Amino acid sequence: MKTLFLMWVLLQMPTLFTASHTNSTSETYTLINAKNLAKPNCSSHCGDVIVPYPFGIGNNTNCSISHEFDIYCDNSFSPPKLSFVEDHYNSITRIYDSTLRTSNNVATGCYSSNGTYLGGFSISMGSKDSPYTLSDVNKFTVIGCDGSAWLSSETNSRNVSIGCMVFCSTPEDVVGDQCSGNGCCQSSLPKDINYYETELNPHTDSNNTRYMRSFNPCTYAFVGEENAYKFNGLTSLNDIHLAEKIEASVPIVLEWAIGNLSCIEAKAVDGFVCQYSNSKCVNSTRESGGYRCICDEGYEGNPYLSPGCKDINECHYPEKFPCFGTCVNTEGNYTCKCKGGYSGDPKIRDGCRRGHNTFLLAVWLAIEYLELTMSSTKESTSCQNSDN
């Protein structure tokens with residue numbers, strides 16, 4: 001019996017001791033997945049880019065929450081181009097719950113084959129009065145040999161100046177694809193800057209300039225999402241179309257928020273926008289302040305528009321809310337139970353097993369085992385009288 005019990009416990013351990021499954025999903029795309037995207041009679045798309053309220057297309061159209069969130073859709077392009085202002089070089093490519101992405105702008109300086117600097121151009125981006133600030137997922141990146149670049153900006157509390165220098169006299173100096181200074185340099189950006197200027201500083205006094213420019217004709221500097229760009233060593237240094245490729249594939253990530261007041265401060269004055277059902281206010285983490293509205297857990301929709309957020313039917317999204325048993329939607333949540341005749345954890349594959357309740361069965365077998373053990377002990381220690 002002892003052997004039988006131990007074998008049963010070993011077989012049931014995966015079921016008895018499996019940690020409960022939790023599904024953590026990022027609330028990143030709620031706005032663009034909402035059914036109530038925009039205000040009545042307002043467009044919610046510019047080409048294939050979804051424009052959810054509090055943003056609105058057009059100036060003074062009353063489609064946005066305030067003029068700072070007015071954006072322009074230029075239908076003369078194919079596909080149409082979405083931007084902050086008319087005829088702006090950068091286009092908005094995605095709008096999310098707390099961030100948006102724009103196309104890039106690369107500062108470039110090039111040299112002739114004999115090493116003469118041919119000139120280039122610097123970049124100025126953003127506005128001090130804008131509700132958008134650079135996310136810290138961006139990096140300031142410089143690519144080239146024997147050159148440097150500077151980024152200048154400011155936050156509410158300090159001036160910002162960031163430099164990056166690149167070195168390489170021969171192709172052999174560029175080892176692998178790391179941005180460690182040899183051919184590529186990267187610097188982190190502080191949070192809360194809403195504009196920046198870049199300036200390239202060409203180095204033309206090197207005795208090796210002519211040879212160097214044979215494998216690196218240009219120096220580049222840009223701000224962009226770190227994970228979207230990969231330095232490819234000499235391939236990048238030799239690529240005369242590198243700037244165009246970066247502008248097309250490496251976005252700038254901006255954070256946005258409503259105003260500069262915290263949730264508590266905004267609730268105390270007129271104009272507080274987080275007032276619809278099943279939603280709440282969250283403070284922006286930016287130094288400049290501001291707040292956003294988000295749906296309560298278990299709800300989805302646009303919290304800035306009536307009727308607010310609606311219950312999610314989790315049973316319709318098994319990839320997000322797994323259930324390998326019987327799923328029942330509830331308000332703001334869901335239940336998941338093993339089907340009749342089964343027990344275990346229904347939120348993991350093969351978590352339900354046919355048979356009796358495993359916990360009660362384990363208790364019963366344990367009691368049986370203890371009773372047998374105690375009985376055997378009594379028999380081995382019993383006292384018997386003898387003639388002597």
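Readers should treat all values here as calculations from the given coordinates under stated rules, not as data from a laboratory. In this text the structure is predicted, and so the values were computed from the model without any measurement. Here Cβ is always computed from backbone atoms with ideal geometry, including for glycine, and neighbour counts include all displayed protein chains.
Laid out as a table, the results:
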item: Calculated from backbone phi, Karplus (6.51, -1.76, 1.60) coupling profile of the stretch 266-280 in Hz, x at Gly/Pro; result: 5, 5, 7, 10, 5, x, 5, 9, 8, 10, 9, 5, 6, 9, 8
item: Under the Karplus curve 6.51 cos²θ - 1.76 cosθ + 1.60, θ = phi - 60°, whole-Hz ³J(HN,Hα) for the stretch 110-117, x wherever Gly or Pro sits; result: 10, 10, 7, 5, 8, x, 6, 6
item: Descending semi-axes in Å of the stretch 281-335, equivalent ellipsoid built from Cα gyration tensor; result: 29, 13, 8
item: Neighbour net charge for Thr326 - beta-carbon separation under 10 angstrom, K R +1, D E -1; result: +2
item: Amide H contacts of Ile348 (H built 1.01 Å from N, under 5 Å, at least 5 apart or other chain); result: Phe324
